[in-house]
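Trainee: Before anything else, here's the structure in question.
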Amino acid sequence: MSNPKVSVIITAHWRDTYIDKAFESVVSQDFDKKEIEVVLVHRFPYNYKIRKIEEKAGVFYKFISYETKSDPLAFKIKEGVELSKGDIICFLEDDDMFSENKLKSVVTKFNEIENLGYFHNDHYIVDEEGNVLYKSLLNREKSVLIDNQKIQDFGAKFREIFLGKSPQFNSSSICMKRDIIGLDWLGKFTGKRAVDLLLFLMALESSSIIYLSDLKLTYYRIHSQQMSLNLGGKSRYQRALESLKIDEEVLNELEVLKSIVSYDTSKKILDYYFYLPIKIKRYGLINISKKENNVKAALTYLYVLARYIGLREAIRAGLFPIWFHYARELYIILSEKFKIKYFNR
């Protein structure tokens, strides 16, 4: 029997709340199911939801359920890739979903473009019930193709990435050729927040082509259990303070990523990607909670920071990362002072 055309790796942490929705979105694909392999890598123990999934999994080329002992998302992805057989690997986190034409669109593009290694699509933002809230955080106006033959030309490469509008955002929007996935990279990264960026840098350092599609093929779910949004019941000032605390974790991940990548271009892109956290550290805002008991001081510092780095212009240009805690909390706070439009409905 030949290998499947595409493998979908579904990664799940301790929660199983949305896992059936993620799986159903793969079942609903407008694509030959016998060309699809599904690998579910889950941290929670085998339960009735997995049993229900197994009952429907016969439509696929193959279904694998693997209970992992690993906590880092990168480790789960590595295990899923090692278990899979497909030439094209698509990632799906347990709380997200694919649109019905996702895999058909992906496979078509891989067939059309010779040496295509990385495919990234736009998305819809949905609530806990799956209702569309916003069109996208990106609203990519047109598709962008990046040829990686001249990766050392940082200026040209960054202009292309800039036009692509966050080509790494959300691993559920990423599909890759198996042969460019760096298992050793995945095995070194224990961070919580930048796995999608790690996948993009793998592609950037390969000799393959990167395609950034303007099609919205993923549903990105916003919910109360989400790591970056678990700020409910807190004041605006407390949320600002939480964002600063998160930056400390983010900067630690930056150092790990820089130790993994090989090219100077990748390291420069990391500096742009972590633009805001780096500036926050430079102006002495990291660990502010240890220096100030009054959380309102955090907001004052943020205003000072905004004046120094021209945050309004940075937001408009999209030159720093779309961490959702910024998009949902920090942008909202600063919009009151700087009249920033932060979402396109």
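Trainee: Estimate the FRET efficiency between residue 127 and residue 249 by the formula 1/(1 + (r/R0)^6), using the beta-carbon distance for r and 30 Å for R0, to the nearest 0.05.
Mentor: Efficiency, from the Cβ-Cβ distance: 0.70.
Trainee: OK, next. Label residue 223 and residue 100 with points 7 Å out from Cα along Cα→Cβ: what is the distance between them in nm?
Mentor: That separation, rounded to one decimal, is 2.3 nm.
Trainee: Between residue 44 and residue 260, what length comes free when the chain is fully extended (0.36 nm per residue of separation minus the Cα-Cα distance, one decimal in nm)?
Mentor: Result for the pair: 74.8 nm of gain on full extension.
Trainee: Anything over 18 Å Cα to Cα? Flag those among 5/165; 188/258; 69/102, in the order listed.
Mentor: Correct reply: 5/165; 69/102.
Trainee: Considering amide H positions built from the backbone, and no H for Pro or chain starts, which residues 5 or more places from residue 116, or on another chain, come under 5 Å of its amide H?
Mentor: For residue 116, the qualifying residues are 209.
Trainee: In addition: In whole Hz and in residue order, list the ³J(HN,Hα) couplings for the range 93-103 that follow from phi through the Karplus curve 6.51 cos²θ - 1.76 cosθ + 1.60, θ = phi - 60°; x for Gly and Pro.
Mentor: Listing the rounded values in order: 7, 4, 9, 9, 9, 8, 6, 4, 9, 4, 5 Hz.
Trainee: Further, regarding this structure: Compute the length gained on full extension between residue 272 and residue 65: take 0.36 nm times their separation in residues and subtract their Cα-Cα distance, giving the result in nm to one decimal.
Mentor: 70.7 nm
Trainee: Hey, what do the phi angles of the range 193-209 turn into as Karplus ³J(HN,Hα) couplings, whole Hz, using 6.51/-1.76/1.60 and θ = phi - 60°, x for Gly and Pro?
Mentor: Coupling constants for the range 193-209: 10, 10, 5, 4, 5, 4, 4, 5, 5, 4, 5, 5, 8, 8, 9, 8, 8 Hz.
Trainee: So, one more: What is the fewest-to-most order of 42, 13, 120 by other Cβ atoms lying within 10 Å of their Cβ?
Mentor: By the 10 Å Cβ count, ascending: 13, 42, 120.
Trainee: Take the Cα coordinates of the range 6-221, assign each an equal point scatterer, and use the Debye formula without solvent to give log10 I(q)/I(0) at q = 0.09, 0.13 Å⁻¹.
Mentor: -0.32, -0.69
Trainee: Something else: For 108, 11, 218, which order do you get if you count the other beta carbons within 10 Å of each Cβ and list the fewest first?
Mentor: Going from least to most buried by this count: 108, 11, 218.
Trainee: Using the Karplus equation 6.51 cos²θ - 1.76 cosθ + 1.60 (θ = phi - 60°), what ³J(HN,Hα) coupling, rounded to whole Hz, does each residue of the range 72-82 give in order, writing x for Gly and Pro?
Mentor: Once rounded to whole Hz, the list reads x, 4, 4, 5, 4, 4, 4, 5, x, 5, 5.
A short reminder: the numbers here are calculations on the coordinates, not readings from a lab. Just so it is clear, the model here is predicted, and its values are computed rather than measured. Please note: Cβ atoms are built from the backbone with ideal geometry, for glycine as well, and neighbour counts cover all protein chains shown.
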